[in-house]
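Read the structure below first, then the notes.
The values are calculated or read from the model by the stated rules, or taken from the named source; none is laboratory data. The structure displayed is predicted, hence computed values, not measured ones. In this analysis, Cβ positions are derived from the backbone assuming ideal geometry, glycine residues included, and neighbour counts consider all displayed protein chains.
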Amino acid sequence: MQAVLVAPFLMRFRLGARTFGGEVGTRLRAAVREALPDFDVQDTEPDSPMLFDYHVSTGGSRLSGEKTVGTVTIGNAGEWWIRFDPSGMCSMMRTVDVDNRDGLHQRERELVTLLNPHVRRWVDAISATMLSSGLVDAAGPDTMEQGMLLWWHRVLINPPQDEEPAATRTYGVQKKIHDNAWLRFGDGFTSLINLPPHRLGDVLIGVITATDDWIAVDEANRLISARLRRLDATRWHEVEDVDNEFQASLKLGKDLALRDMVRLEESRYLVNASGVVRAAAEECWKMDRERAAVETQLQTLRDSLDVHRTIIQGQRDERRNDMLTVVTLAALFQAVLVWYDFAHESDNALGPALRLTVAGITLVLTGIFVTTTLIGGRRRRRPR
């Protein structure tokens, strides 16, 4: 049984709102050459600018920058085709021949052990170079684990009926992909039936594009959820703190929207077969539902920050009202002293003593009232 193993892995950087454009792709290619001296970079340009039916679209790189694709031989793991993407979401793949699915999984376990140290080294070196350039943003800790193979997606080519998994045979999304060829897309597997060999590259590009879409949506959910958790655990005391968090949330929303725009641009330039694979993946993985969840979470985050700002402003108004009350009463007590000064002559023997007594009583009452007011206000503002 022949299968193509496709494995995504993540860099430690992502495209930011200020970094879209070809410069990122150019810098990435240089960083890949530095980290992988034996990497054989393939020319991804079509023979003619008028040629559209090409297995690696270049039209979708206008915003994100050109991808770096090529091959490298990794010891006992053999030769691998790798795509380094300016978005920080990369993929590698190779074809294997096995007797059955048990043999396929055994081979996968062996390859994970062989490949992960190399992937970690590449990711560390390339990410350090890209982050030092200032063209990209750090991915942060709230993403899937970086610097390792995340999972295998197996593209099975004409699998025997008894070896095709239920993921495609029973639960997969089936679509016609060529004259008499079909694909069944499922979780972790894609089965190709009667596909001409020259269309295999289109299918693999579709699988990689769909995988990048899924990772991006999953990462958006993770980032927003992490910010919501921090929001729930934080107690702000100043409006400026909420404003800073609100600005950070706006940047997150803008970055996610622009990343989504990049993926949509790339999907528009997919050739027909790749587009069919991507559509099957969207249906199988319920991507529309996941994107709707991202939008809902992002709006919830903004609404929560608005509520926090309103609460803090109300607390600040309460403190101001308390202080105005204290100042007003202190002024009234002072009016008592002024009245006493007018009511008693300075040559009255009892005047100075009574003046001191009244002043002392006024001071004590003012202190008691100020303390009571401030403690009562703090109790009212204590978070529940």
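Things worth noting here:
- Checking the stated criteria, Ala257 turns out not to satisfy the condition of being touching an Asp or Glu at 6+ places or on another chain (Cβ under 9 Å) and either modelled with pLDDT under 80 or assigned to a helix (DSSP H, G or I) (or both).
- Residues of segment 268-302 satisfying the condition of being assigned to a helix (DSSP H, G or I), of a type outside the set (Asp, Glu) and within 13 Å of Val207 (Cβ to Cβ): Ala273, Ser274, Gly275, Val276, Val277, Arg278, Ala279, Ala280, Ala281, Cys284
- Where a residue in segment 24-36 is assigned by TED's automatic domain parsing to the domain that holds Pro117 and its partner, wherever it lies, is in a helix (DSSP H, G or I), with Cβ under 6 Å and at least six apart: Arg27/Ser133; Ala31/Ile126; Ala31/Thr129; Ala31/Met130; Ala35/Trp122; Ala35/Ala125; Ala35/Ile126
- Looking only at segment 227-238, residues that are exposed (fewer than 15 other Cβ atoms within 10 Å of the Cβ) and either modelled with pLDDT of 75 or more or assigned to a helix (DSSP H, G or I) (or both) come to 4 in all.
- Members of segment 129-147 found to be over 30 Å from Cys284 (Cβ atoms) and either modelled with pLDDT of 95 or more or not small (Gly, Ala, Ser) (or both), listed by number: Thr129, Met130, Leu131, Leu135, Val136, Asp137
- Residue in segment 34-42 that is assigned to a helix (DSSP H, G or I) and modelled with pLDDT of 70 or more present: yes
The rows are residues; the columns are (1) modelled with pLDDT of 90 or more; (2) crowded, with 17+ Cβ neighbours inside 10 Å; (3) out of contact with any Cys (no Cβ under 9 Å at 6 or more places or on another chain).
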site: Leu149; (1), (2), (3): yes, yes, yes
site: Ile157; (1), (2), (3): yes, yes, yes
site: Ala166; (1), (2), (3): yes, no, yes
site: Gly172; (1), (2), (3): yes, yes, no
site: Phe189; (1), (2), (3): yes, yes, yes
site: Ile193; (1), (2), (3): yes, yes, yes
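- In this entry, Ala248 is excluded by the filter for residues that are touching a helix residue (DSSP H, G or I) at 6+ places or on another chain (Cβ under 9 Å), in a helix (DSSP H, G or I) and at pLDDT 85 or above.
- The selection criterion, being at pLDDT 90 or above, of a type outside the set (Lys, Arg), buried (at least 19 other Cβ atoms within 10 Å of the Cβ) and not in a loop (DSSP other than H, G, I, E, B), holds for Ala210.
- Candidates Leu131, Leu115, Leu111, Leu183, filtered to the one that is part of a strand (DSSP E or B), in the same structural domain as Ile215 (by TED's automatic domain parsing) and crowded, with 16+ Cβ neighbours inside 10 Å: Leu183
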